[in-house]
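Enquirer: Got a structure for you, questions after.
The values are calculated or read from the model by the stated rules, or taken from the named source; none is laboratory data. In this text, all values refer to a predicted model and were calculated from it rather than measured experimentally. With ideal geometry, Cβ positions are generated from the backbone for all residues, glycine too; neighbour counts draw on all protein chains shown. In case anyone asks, the SASA skips ligands and DNA or RNA and just uses the protein heavy atoms, side chains included. Shrake-Rupley method; radii C 1.70, N 1.55, O 1.52, S 1.80 Å.
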Amino acid sequence: QVQLVESGGGLVQAGGSLRLSCAASGRTFSPYRMGWFRQGPGKEREFVTRINWSGGTTYYVDSVKGRFTISRDNAKNTVFLQMNSLKPEDTAVYYCAAQMSVWAPYSYWGQGTQVTVSS
C-alpha cells in the first residue's frame, strides 16, 4: 500500500520561497506520474503541476509557470515542489498525489501541508 507524506509548508511573506517534499513509503514505489494539487480557502481542489516518473516530463498551470518547479528523486521515492515569488493567492493546503498508471486517476494522496503567504 502506498503512503504519501508532505512536508515543508509554512508561513512566508509575499515574494518568498518554500520547498515542499512528498515522500512515499511502503512497498516498491513506481508511479506513472506524481502531481501537486492545492485547495485554498473556500475553493475546490485544483491541479498545480505534475511530473512523469520515467523521463521527467513536466507540466504547470499558467498561474505558477516560471515560479514553481517540480522535481523528483526516483531513488528516494520523493517529489519536490520549489515555490518562488510566492503570492497571497498561493495560500492553500498543498497535496501530492500518485497516478500509478496512465489509464488511472490519481489514486494515492498525502495528508497535505499548509502554505500561507502573507501580503
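Enquirer: Take the residues in region 66-77 that are under 20 Å from Gly15 (Cα atoms) and assigned to a strand (DSSP E or B); name whichever of them is most open to solvent (accessible area, probe 1.4 Å).
Expert: Result: Thr69.
Enquirer: Every residue in region 28-65 that is under 16 Å from Thr78 (Cβ atoms) and assigned to a strand (DSSP E or B), please.
Expert: Listed by number, the residues that qualify are Arg33, Met34, Gly35, Trp36, Thr49, Arg50, Ile51, Asn52, Thr58.
Enquirer: How about region 78-119: which of its residues are more than 14 Å from Arg33 (Cβ to Cβ), assigned to a loop (DSSP other than H, G, I, E, B) and of a type outside the set (Gly, Ala, Ser)?
Expert: Result: Asn84, Leu86, Lys87, Thr91, Gln111.
Enquirer: Of all residues being open to solvent by 30 Å² or more (accessible area, probe 1.4 Å) and assigned to a strand (DSSP E or B) in region 3-20, which is farthest from Ser85 (Cα to Cα)? Just the residue, please.
Expert: The residue in question is Gln3.
Enquirer: Another question about this same structure. With (1) loosely packed, with under 13 Cβ neighbours inside 10 Å; (2) over 18 Å from Gly112 (Cα atoms); (3) at pLDDT 95 or above as the list, and Tyr32 as the residue in question, which single condition is left unmet?
Expert: Just one mismatch for Tyr32, condition (1).
Enquirer: Could I ask something else about it? Being touching a helix residue (DSSP H, G or I) at 6+ places or on another chain (Cβ under 7 Å) and either closer than 18 Å to Val102 by Cα or at pLDDT below 95 (or both), is that true of even one residue in region 62-74?
Expert: Checking region 62-74: not a single residue is touching a helix residue (DSSP H, G or I) at 6+ places or on another chain (Cβ under 7 Å) and either closer than 18 Å to Val102 by Cα or at pLDDT below 95 (or both).
Enquirer: Out of region 40-65, which residues are loosely packed, with under 10 Cβ neighbours inside 10 Å and without any contact (Cβ under 8 Å) to a residue 24 or more places away in the chain?
Expert: Gly42, Glu44, Gly55, Asp62
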